[in-house]
Amino acid sequence: MTERLLDIRDLRTWFNTDDGMVRAVDGVSLHVNRGETLAVVGESGSGKTVTARSVLKLIDMPPGRFAGGEILWRGRDLIPASNSEIDKIRAREIAMIFQEPMTALNPVYTVGDQIAEPLRAHENLSRRAALARAAELMRLVQIPDPERRVRDYPHQFSGGMRQRVVIAIAIACGPQLLIADEPTTALDVTIQAQILDLLNDMKARFGMAIMLITHAMGVVAENADRVVVMYAGKVVEAAPVEELFANPRHPYTQGLIRAIPRVDAKAQHRTRLAQIPGTVPSLINPPAGCRFAARCTFATDACVAAEPVLKPVGPDHTVACIL
Amino acid sequence: MNAAPPLLAVRGLSKHYSVTGGFLAREIARVHAVDDINLDIERGETLGLVGESGCGKSTTGRCIMRLIEPSAGTISFEGRDVTHIDGEDLRRLRRDMQIIFQDPFASLNPRHTVAGIVGEALVIHRLATGRRQIEERVVQLLETVGLRSDHLNRFPHEFSGGQRQRIGIARALAVEPKLLVCDEAVSALDVSVQAQVINLLEDLQDKFALTYLFIAHDLSVVEHISTRVAVMYLGRIVEVAPARALYDNPRHPYTKALLSTVPIPDPKLKRKRLVLTGEPPNPFNPPPGCHFRTRCPLAEPRCAEIAPALLETMPGHMVACHVTG
Ligand SMILES: Nc1ncnc2c1ncn2[C@@H]1O[C@H](COP(=O)(O)OP(=O)(O)O)[C@@H](O)[C@H]1O
Ligand SMILES: Nc1ncnc2c1ncn2[C@@H]1O[C@H](COP(=O)(O)OP(=O)(O)O)[C@@H](O)[C@H]1O
Ligand code: SF4
Ligand SMILES: [Mg+2]
Ligand SMILES: [Mg+2]
């Protein structure tokens, strides 16, 4: 049996703004199994980051609030959990890394001290022992010359090396789940490949599950076991990666896959790309029914009348579309 | 021999930036942003320019546009040296060459309406006179790029990223340019909108016989849109070839590595990736010889001494490498 490490059920995370209530995450259900890589894919503003940050309660409240749902971590709901309980889970059980590594690093402390910090806090290591572990972790994430570089400050590292430092901090206490929010989006393609290889290596070595948030279908295809597709604050489709690409069922997923130019597709050169007309809807007073209906070529009155729910269409494959 | 000169010819183009320091503000280092490059862009083609951030793509585009002064080299447009023209000549050149950027918002005056933004160039270049005529032309331009006449009196912040890029394109087209430089013009857009803008650029090229210099770091997008592609690394062009040839038969070790790291949206494809180790060297005082040698799996002693020249190895396919060239 696969174990559901993280099981998000009907989560609603809303923001109170001057313009009205932003229903950023509005009934999202998804789960991450032990040891797997779940990719969460969708265009900007679809609610990926808010979903991820909700798990570790990294949402500013106010303006944000949980308007419903559950976030089950190994069976236990995190929404009612206290801050100190969340602090214990953060780092030791669930770690998170972000697109811009600099925001996660403190510019005035050496990277060694920053990698050592969770080890000292959670594993009661002495400073010396923790710094030695920090150098080991830096070696593990393939930062050259770690014994010397533990004493360097974040600004002395390149973007790719900083993301390695952030990964070292994240894996220091051996978490079971790593939430990686666009970890390579700010990096060049050759460095992106290095970082993704590193994450996959850490996953294989420690059996850690990864929730990989990305907007790039190529990154999804090459790294995910399963995929969740989000659109305008909702999950529209979920499936194992090969199934999703071979048999996308939601018109939005189909559109996404066909809209990307591919370097390997000879026939496609300078042929028209499939395009999804229009733009994403506002999340303040979002349209009734299916939120994709206004851009969907198959939409009928029924799509606007009632909101489609996720229903199974195959093994492990669910779609929120009435067609 | 084909006698007609290319639409644009770049010869020996260099752009160096001095980094000063110390108490006499002496030059302590020099960034070779663009280092002695040659490029031809033929009429009606799309030349793609790819490479990782900081390799000198934007600097090349800006030198060509005469937005910054090159340190050395010449830029010829329709066979005429335009490297040092100014005044009325430069103003006329601005009609022939236009540029659109990654963040259209930054280049659109937030206090002007769409009508003002697109109409401004018509006024400057006296391409339309009188309110009626200007407005008619602006509406025509908006429709050309897929916007509507009721967008005329709106402000940039009222538009999505994709629509703003359309406004930028409409403004560029207003002067009926021959060459359009697109500097990461679709890079910030979500895929569904990116596809809309790429299709639009292709349609406009067919309709108005435009020539594009398409600068981007996304190799998939560049392959899709380009006739030929030039690959840059640390200020130099390392390979130029027809798009399909470059992707089917990359010769330079850097191009090979770059291509093999592009993620392909097909989970069934299990590729052997050629992951490059290391990172690009510091652009201050780059190493002598081949700039790529510090990361190159094929590097030989001579690579550290002599910079390889960009030579034609097959018809239309140029490579700058001692070993594979
Ligand atoms: N603090 C906030 N206040 C108001 N709206 C917010 C806040 N944080 C996020 N949002 C909104 O929530 C929506 C989802 O954002 P996000 O989760 O960041 O999307 P993604 O990561 O998929 O690009 C967006 O419309 C965003 O503007
Ligand atoms: N105004 C400037 N002053 C100093 N260095 C610059 C300036 N503009 C660009 N550079 C440097 O020149 C190099 C090339 O930059 P750029 O042309 O913007 O690269 P790309 O567009 O390929 O990312 C980089 O190392 C960049 O830091
Ligand atoms: S010239 Fe030498 S170092 Fe440069 S790419 Fe060729 S083999 Fe590599
Ligand atoms: Mg995000
Ligand atoms: Mg640039």
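Criterion applied to B:LEU234, B:LEU189, B:LEU200, B:LEU180 was being closer than 30 Å to B:HIS32 by Cβ and open to solvent by 10 Å² or more (accessible area, probe 1.4 Å), and the one residue passing it is B:LEU234. Looking at A:GLU85, A:GLU70, just one residue is more than 16 Å from ligand 1 (Cβ to nearest atom), part of a strand (DSSP E or B) and either buried (at least 16 other Cβ atoms within 10 Å of the Cβ) or away from every other protein chain (no Cβ under 14 Å) (or both), and that residue is A:GLU70.
Taken as a whole, region B:279-297 holds at least one residue that is away from chain A (no Cβ under 12 Å), open to solvent by 80 Å² or more (accessible area, probe 1.4 Å) and within 10 Å of ligand 3 (Cβ to nearest atom). In the condition set (1) within 12 Å of ligand 2 (Cβ to nearest atom); (2) surrounded by fewer than 22 Cβ atoms within 10 Å (Cβ to Cβ), B:ALA33 is compliant with all but (2). Being crowded, with 18+ Cβ neighbours inside 10 Å and of a type in the set (Val, Ile, Thr) is a condition met by at least one residue of region B:117-126. The number of residues in region B:161-170 that are without any contact (Cβ under 8 Å) to a residue 60 or more places away in the chain and in contact with a helix residue (DSSP H, G or I) (Cβ under 6 Å, 6 or more places away or on another chain) comes to 2. Among the candidates A:THR37, A:THR51, the residue that is away from chain B (no Cβ under 14 Å), touching a strand residue (DSSP E or B) at 6+ places or on another chain (Cβ under 6 Å) and either in contact (Cβ under 8 Å) with a residue 24 or more places away in the chain or among the β-branched types (Val, Ile, Thr) (or both) is uniquely A:THR51. In this structure, A:VAL111 does not qualify as open to solvent by less than 20 Å² (accessible area, probe 1.4 Å), away from every other protein chain (no Cβ under 14 Å), of a type outside the set (Asp, Glu) and touching a strand residue (DSSP E or B) at 6+ places or on another chain (Cβ under 9 Å). Looking at region B:101-120, is at least one residue among the polar types (S, T, N, Q), within 16 Å of ligand 5 (Cβ to nearest atom) and in contact (Cβ under 8 Å) with a residue 12 or more places away in the chain? Yes, because at least one residue in region B:101-120 is among the polar types (S, T, N, Q), within 16 Å of ligand 5 (Cβ to nearest atom) and in contact (Cβ under 8 Å) with a residue 12 or more places away in the chain.
When each of A:LYS234, A:LYS203 is tested for being closer than 18 Å to A:ASP181 by Cβ, under 17 Å from the mean Cα position of the chain (by Cα) and open to solvent by 10 Å² or more (accessible area, probe 1.4 Å), the lone residue that passes is A:LYS203.
Restricting attention to region B:286-320, the residues that are within 19 Å of B:GLY54 (Cβ to Cβ) and in contact with a strand residue (DSSP E or B) (Cβ under 7 Å, 6 or more places away or on another chain) total 4. Residues in region B:305-314: is at least one modelled with pLDDT under 95 and within 10 Å of chain A (Cβ to nearest Cβ)? No, region B:305-314 contains no residue that is modelled with pLDDT under 95 and within 10 Å of chain A (Cβ to nearest Cβ).
Residues in region B:199-240 that are among the hydroxyl-bearing types (Ser, Thr, Tyr) and either in contact with a Cys (Cβ under 7 Å, 6 or more places away or on another chain) or in a strand (DSSP E or B) (or both): B:THR211, B:TYR212, B:TYR233. Looking only at residues in region B:97-119 that are touching a strand residue (DSSP E or B) at 6+ places or on another chain (Cβ under 9 Å) and either over 18 Å from B:ILE215 (Cβ atoms) or assigned to a loop (DSSP other than H, G, I, E, B) (or both), the one that is modelled with the lowest pLDDT is B:GLN102.
Yes/no matrix, rows are residues, columns are (1) free of Cβ contacts under 8 Å to residues at least 24 places away in the same chain; (2) in a strand (DSSP E or B); (3) surrounded by fewer than 22 Cβ atoms within 10 Å (Cβ to Cβ):
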{"residue": "B:GLY44", "(1), (2), (3)": "no, no, yes"}
{"residue": "B:GLY48", "(1), (2), (3)": "no, yes, no"}
{"residue": "B:GLU52", "(1), (2), (3)": "no, no, yes"}
{"residue": "B:HIS84", "(1), (2), (3)": "yes, no, yes"}
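Put simply, of B:ILE134, B:ILE117 the only residue that is under 24 Å from B:ASP183 (Cα atoms), more than 21 Å from the chain's Cα centre (by Cα) and aliphatic (A, V, I, L, M) is B:ILE117. Scanning region B:241-273 for residues being touching a residue at least 40 places away in the same chain (Cβ under 8 Å), within 7 Å of chain A (Cβ to nearest Cβ) and in a loop (DSSP other than H, G, I, E, B) gives a total of 1.
With respect to the conditions (1) in contact with a strand residue (DSSP E or B) (Cβ under 9 Å, 6 or more places away or on another chain); (2) surrounded by 23 or more Cβ atoms within 10 Å (Cβ to Cβ), A:ASP181 lacks only one, and its number is (2). Would you mind stating whether B:LEU93 is crowded, with 16+ Cβ neighbours inside 10 Å, more than 27 Å from B:GLY12 (Cβ to Cβ) and not small (Gly, Ala, Ser)? Criteria not met by B:LEU93.
Filtered by the rule that a residue be over 18 Å from the mean Cα position of the chain (by Cα) and open to solvent by less than 40 Å² (accessible area, probe 1.4 Å), region A:58-67 gives A:GLY64, A:ALA67. Consider region B:267-278 and keep the residues that are open to solvent by less than 60 Å² (accessible area, probe 1.4 Å) and among the hydrophobic types (A, V, I, L, M, F, W, C). The one that is farthest from ligand 5 (Cβ to nearest atom) is B:VAL275.
Taken over region B:38-82, the criterion of being over 11 Å from the mean Cα position of the chain (by Cα) and either within 14 Å of another protein chain (Cβ to nearest Cβ) or within 9 Å of ligand 2 (Cβ to nearest atom) (or both) is satisfied by B:GLY44, B:GLU45, B:GLU52, B:SER53, B:GLY54, B:CYS55, B:ILE68. Going by the structure shown, is A:ASP145 in contact (Cβ under 8 Å) with a residue 24 or more places away in the chain and either over 22 Å from B:LEU274 (Cα atoms) or crowded, with 22+ Cβ neighbours inside 10 Å (or both)? Criteria not met by A:ASP145.
The values are calculated or read from the model by the stated rules, or taken from the named source; none is laboratory data. Bear in mind that the values here come from a model prediction, so they are computed numbers and not experimental data. Counting neighbours? That spans all protein chains shown, and the Cβs are built from the backbone with ideal geometry, glycine included. These area figures cover heavy atoms from the full protein model, side chains too; ligands, DNA and RNA do not enter into them. Shrake-Rupley method; radii C 1.70, N 1.55, O 1.52, S 1.80 Å.
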